[in-house]
Amino acid sequence: MSRTPPLPRLFLALLLLAASWTGALASEELWSDSGFFVDMPAGFQLQDGDGKTRFAFADPEGIMEFDILAYESGRYAGAEALAADSIRRLGSAGESESFSYEGRKAVFAELAFGLDGGKRKGFAIYIEGRKAQAPAAAPQAGAPAAKAGAPERHYALLVHAAEADFDSCLPFFLSCLDSFSIDRGARRAPGPLSQYLLPWPPERKALKKVLLPGGASVELPWSSREASQEEETAAREHGVLKAYAEDPELALEAWARFYRMVYRESAARLDRLALELARSLPRDDPTETARRILAWVQLFVYERDLEGIDFVPPLASAYEARGDCDARAVVAVALLERLGIDAILMLSSAYSHALFAVDVPGGGQRFAFGGKNYLVAETTAKVGLGMIAQDQADWSKWLGVQLGD
């Protein structure tokens, strides 16, 4: 079976999920008491569910549905058993394939089934709650027994629409599946669909010479397939974003989500670079670290692609030192957060510009967001931390976006 999501077969599964939501049910990242997160496309709302075992989200027009279902760990032997039972109950046709998501066994499935006299199509991902563990060493005599953690639930993620709407819904199907994070740590790793398309972590058999702050360079492991996967995800999310072009009420939310999804796909891919940066940056001086990161991205080659998605994904941007304002800002935020410095993305449609901002000491212009005042950082003009053009300093025209923790 090809590792490109096939266009036929999905499902709708009225199974069971056990999770109660905390947070606003709108187009923002949601989290559950079970520990998982989901970042729904703009305008999607909770439409159905029993409040304990199943949650069904729908788009504003009610064309497609995204279900998240959870099962107690003892109910199924694993992801394959869950998938088989779900597919059987639905009477669904389509291929399926096993893969690994965040170290857990999982299954990707095409689904096609009948419902209320009509045909539905879409996809499903089934995730085993138990994370694969290396064999434990035998305990020494007299050592206390290890305490077992709470068993994790199994999950079923289901996206579907009427057969006639399948093609138009496809980018949203794939985006919804990738918006799920099984725990907090998974929020900065590629989503379940991405890990199906390209095993995570990827094999990096090549080397690429990367420019570092201060002018030095280093050869780091590189995978062209990984870069392609990142670009494909960014292009998919750009397609989702374009669907909101004529909807001013949701456009800003969709814009912010685009960057959250890009960040989520790419953040952990930059960890090797962050490790290299940590060797040379003054970790005990967050302001100076932010200054050096800013000066580094300001040296990137300015690049735009007005005929494409007009965005260089973070991995390619960082490793090849190229990109527009938003590419540079996302790279800076991802690396600074990995280095332990709180940073946010700043967007302005009025100014057609992007910045980043950091919560560090220092003088200069600050942007209020989330109860903090962040020091702004201009990524394209070669100016210092805290400096911004006077004709772009109306903070009411800027949108702050929290990409990670």
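For the range 290-405, the alpha-carbon radius of gyration amounts to 0.97 times the rule-of-thumb value 2.2 N^0.38 Å expected for a compact globular protein. Label-to-label distance for LYS131 and GLU203 is 2.5 nm, based on points extended 7 Å past Cα in the beta-carbon direction. For MET40, the residues whose amide H sits under 5 Å from its own are GLU28, LEU30, ignoring neighbours fewer than 5 places away on the same chain, with H placed 1.01 Å from N. A straight chain from GLU303 to LEU211 at 0.36 nm per residue would run longer than the Cα-Cα distance by 31.4 nm.
Label-to-label distance, GLU97 versus ASP33, with points set 7 angstrom from Cα along the beta-carbon direction: 3.8 nm. Our coupling estimate for the range 371-385, obtained by passing each phi through the Karplus curve with A = 6.51, B = -1.76, C = 1.60 and θ = phi - 60°, is x, 10, 10, 8, 7, 7, 9, 7, 8, 9, 7, 7, 10, x, 4 Hz, Gly and Pro reported as x. Peptides 242-254, 94-106 ranked from most to least packed give 94-106, 242-254, packing being the mean of other C-beta atoms within 10 angstrom over each peptide's residues. Segment THR53..SER228, full-extension length gain: 59.3 nm, with 0.36 nm per residue of separation and the alpha-carbon distance subtracted. The dipole here belongs to the range 206-401: it is taken about the Cα centre, uses +1 on the Cβ of Lys and Arg and -1 on the Cβ of Asp and Glu, and is about 580 debye. Working note: Karplus 6.51/-1.76/1.60 with θ = phi - 60° gives the range 312-329 the couplings 8, x, x, 4, 5, 4, 5, 7, 10, 6, 8, x, 7, 4, 6, 4, 5, 5 Hz, where Gly and Pro are set to x. The length gained on full extension between ALA295 and SER396, counted as 0.36 nm times the residue separation minus their Cα-Cα distance, comes to 33.7 nm. Judged by the gyration tensor of its Cα atoms, with axes a ≥ b ≥ c, the range 157-207 is oblate; a/c meets the 1.5 cut and b/c is at least as large as a/b. Listed peptides 40-48, 70-78 appear in the order 40-48, 70-78 once ranked by packing, highest mean of other Cβ atoms within 10 Å at the front.
Going highest first, how would you order 112-124, 391-403 by mean Cβ packing within 10 Å?
On the way: 112-124: 18.6, 391-403: 15.6.
Answer by packing, highest mean first, reads 112-124, 391-403.
Put a dot 7 Å past the Cα of ASP116, heading toward its Cβ, do the same for ALA77, and the two dots end up 3.7 nm apart. Which value does Rg/Rh take for the range 230-320 over its C-alpha atoms, Rh per Kirkwood? Radius of gyration relative to Kirkwood radius: 1.05.
With the cut-off at 1.5 for a/c, could you classify the chain from its C-alpha gyration tensor as rounded, prolate or oblate? The shape class here is prolate. Taken one residue at a time, the phi angles of the range 288-301 give Karplus couplings (6.51, -1.76, 1.60, θ = phi - 60°) of 5, 4, 4, 4, 5, 4, 4, 4, 5, 5, 5, 8, 4, 5 Hz. Gly and Pro are set to x. For ILE63 and ALA251, the FRET efficiency from 1/(1 + (r/R0)^6), where r spans their Cβ atoms and R0 equals 22 Å, is about 0.70. Its Cα centre serving as origin, the chain has a Cβ charge dipole (Lys and Arg +1, Asp and Glu -1) of approximately 1360 debye. Summarised as an ellipsoid, the range 206-401 has semi-axes of 24, 23, 14 Å, derived from the eigenvalues of the Cα gyration tensor scaled by 5 and square-rooted, with the largest first. Note on the chain: dipole from Cβ charges, positive end direction compared against GLY129, ALA350, ALA84; the farthest Cα belongs to GLY129.
All of the numbers you see were taken from the coordinates with simple rules; none came from a lab. All values derive from a computational prediction rather than experimental measurement. Reconstructed Cβ throughout: ideal geometry from the backbone, glycine too, with neighbour counts over all protein chains shown.
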